[in-house]
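Working notes, structure below.
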Amino acid sequence: MTEPVLFNVEGAIATVVINRPGQRNALDAATKTLLLERLGQAARSDSIRAVVLTGAGSAFCVGQDLGEHAQALAADPATAFDTVDEDYNPLITLLTTMPKPVVAAVNGTCVGAGLGLALACDLRVISSAAKFGTAFAGIGLTCDSGLSVTLVRAVGQARAAQLMLLGSVFTAEEAVGWGISGIIADPADTVEAAIELAVGLAAGPTRAFAETKALLLAASSATLAEALAAESAAQHRLGLTSDHQDAVTAFLRKEKPTFSGA
């Protein structure tokens, strides 16, 4: 039986694939559990320095498996949304706090919690054929998977309200124009382009990337004084790394720096 999440490591790059193409990569319980496990594996590995998240087939991810959700509602509506705390919140937290870059290869339809996953990644390479949507209002729900924060950060509050309240479907070109991504690719090349981007990131200063992710994550709730203090502390930590010290030496010698992640 094919696993619902595939995991492949090549060099310093881990590729994580949501693998339910017949269901457009809808997230059932088994998929969410294994996705969290595989992403955690990538996060913990010192040899993995960048991660690509994508979907099999023609969709990136269409969010929650509504067939399974209907069964949960029928069994007990009071517990049907336990998956938000047990699955979705840990997934979004892991992606946003992972101390290495994560690139979403948005190879196709990306809606609901799928959009939440994509926006929790640090960078997105988008297929020109991809379609996006929030989808929650259409089934009488509000958003989850971090979209009340990540979508607002990406497109602004007014447009985020429009997309959430009206449930508007939007295109790859609109996603790029609104700030969700600066990278668009041909459908057949989306995953390859994301891996190529990840390879470049993996060759970079991993600890500096981790500090940058942490600063950006805290920025929306931090005061200026708190942000300045956090930046100062991060720079002091990075000043002790071999990556920084060796890169300064390389710069003075007019050489290209080589980063080890140390």
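About its Cα centre, the stretch 1-138 has a charge dipole of approximately 560 debye under the convention of +1 per Lys or Arg Cβ and -1 per Asp or Glu Cβ, with nothing else charged. If you take the Cα centroid of the stretch 54-122 and the Cα centroid of the stretch 184-222, the two points sit 19 Å apart. Could you give the dipole magnitude of the stretch 123-255 about its Cα centre, charging the beta-carbon of Lys and Arg +1 and that of Asp and Glu -1, in debye to the nearest 20? Charge dipole, the stretch 123-255, about its Cα centre: 280 debye, nearest 20. Distance between the 7 Å Cα→Cβ label points at Leu224 and Gln71: 5.5 nm. Treating r as the C-beta distance of Val248 and Glu174 and R0 as 41 Å, the FRET efficiency rounds to 0.45. Cα centroid separation, the stretch 1-52 to the stretch 129-176: 24 Å. Relative to the Cα centre, the charge distribution of the chain, modelled as +1 at Lys and Arg Cβ and -1 at Asp and Glu Cβ, gives a dipole magnitude of about 620 debye. Across all C-alpha atoms in the stretch 81-128, the radius of gyration and Dmax reach 11.3, 35 Å. Amide H to amide H, with H built 1.01 Å from N, Ala26 comes under 5 Å of Val62, counting only residues 5 or more places away or on other chains. Principal-axis analysis of the Cα atoms of the chain puts helix 242-252 at an angle of about 60° to the longest axis. The shape of the stretch 102-237 can be summarised by an equivalent ellipsoid whose semi-axes, obtained from the alpha carbon gyration tensor, come to 27, 22, 11 Å from longest to shortest. Temperature 20 °C, viscosity 1.002 mPa s: under these conditions the Stokes-Einstein estimate for the stretch 10-49, based on its Kirkwood radius over C-alpha pairs, is 193 µm² per second.
Loop sites here are trypsin sites (Lys or Arg not before Pro) outside DSSP states H, G, I, E and B with no more than 15 other Cβ atoms within 10 Å. The longest part of the chain free of them is 1-252. Computed over the chain, the per-residue total of -39500 (n - 2.57) for DSSP H runs of n ≥ 4 gives a 222 nm mean residue ellipticity of -14500 deg cm²/dmol, rounded to 500.
Viscosity 1.002 mPa s, temperature 20 °C: Stokes-Einstein D of the stretch 84-173 from its Kirkwood Cα radius, in µm² per second? For the chosen part, D equals 162 µm²/s.
Under 5 Å from the amide H of Val52 lie the amide H atoms of Ala14, Thr15, Val16, Val103, each residue being 5 or more positions distant or on a separate chain, with H modelled from the backbone and absent for Pro and chain starts.
If you take the alpha carbon atoms of the chain and fit the smallest convex hull around them, that volume is 142 Å³ per residue. Could you check the spin-label model distance between Arg237 and Arg44? Points 7 Å from the Cα along Cα→Cβ, value in nm. According to this spin-label approximation, the distance is 2.1 nm. Each of Gly146, Ile13, Phe209 was scored by the projection of its Cα onto the charge dipole of the chain, and the greatest displacement toward the positive side belongs to Phe209; charges sit on the C-beta of Lys, Arg, Asp and Glu.
Every number here is computed from the coordinates shown, using simple stated rules; none is lab data. What you see is a predicted model, and the numbers here were worked out from it, not measured in a lab. When we count neighbours, we look across all protein chains shown, and the Cβ atoms used for this are built from the backbone with ideal geometry, even at glycine.
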